[in-house]
1. Just to be sure I understand the model, the point goes 7 Å from the Cα along the line to the Cβ. What's the resulting residue 54 to residue 124 distance in nm?
2. Please report the net charge: other residues with Cβ closer than 15 Å to the Cβ of residue 127, K and R +1, D and E -1.
3. Mean 1/r over all different Cα pairs, inverted: what Kirkwood radius does the range 43-184 give, in Å?
4. When ranked by the protection proxy of mean other Cβ atoms within 10 Å per residue, highest first, what sequence do the peptides 127-138, 66-77, 51-62 form?
5. Would you list which aspartates and glutamates come within 13 Å of residue 104, measuring only between C-alpha atoms, while excluding same-chain residues fewer than 8 positions from it?
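What follows is calculated from the coordinates using simple rules that are stated; it is not laboratory data. Computed from a predicted model, the values in this text were never measured in an experiment. Positions of Cβ are generated from backbone atoms using ideal geometry, with glycine treated the same way; all protein chains shown enter the neighbour counts.
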Amino acid sequence: MTLRNVLISLLFTGALTLSGWSILLSSKSQSVSAKTTPGEPDAFMENVVATMMNKMGKPSLKLETPKMIHYPENDTASLVTPHVTVYRDSLQPWHINAKHAKTKQGIAEITFWDNVIIHHLADSSHPITTMRTDTLTILPNEQVAKTNKAVTLTQPDTVVNAVGMLANWDAGTVKLLSQAREEYVPHS
């Protein structure tokens with residue numbers, strides 16, 4: 001009977017050792033997979049619709065994208081074909097579309113590139129306005145949009161080409177920075 005007890009004890013000890021080793025390997029692989037190397041994403045989302053509210057509880061910005069990839073370094077995200085709606089006191093918000101965008105520090109800064117279109121429907125103070133450029137950076141907290149690239153601004157009967165633009169949504173102003181050329185284009 002002692003040989004039987006020794007064999008059972010050895011089998012039991014072996015089973016405990018294998019179980020402990022398996023648990024140790026499992027926890028090591030989980031902790032390794034939780035860490036990301038610099039430059040690698042830590043999350044992605046599809047069909048994103050995110051609305052940011054102001055202090056009064058009203059929408060201030062809405063971000064829509066079919067695909068968003070988040071990177072922990074500098075809290076950045078890349079967006080595919082983003083559509084951003086910027087709300088202000090006007091009845092009509094500003095809409096920004098592009099093929100690509102990247103956010104920094106959450107949404108403290110959003111840079112759009114590749115076929116950037118900024119659009120604002122007519123309201124009581126401003127006519128319908130469309131702007132096109134190669135790149136655009138918006139600072140949502142400051143209600144500012146800017147670019148140093150060529151800009152084409154289109155309003156009814158008017159097309160303005162310029163280099164550089166600074167828009168302030170709070171003030172409702174758009175400043176063209178240089179080489180502005182206006183062309184009157186009457187509708188037929």
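1. 1.6 nm
2. Net charge around residue 127: -3.
3. Result for the range 43-184, one decimal place: 15.5 Å.
4. 127-138, 66-77, 51-62
5. Qualifying aspartates and glutamates at Cα under 13 Å: 73, 75.
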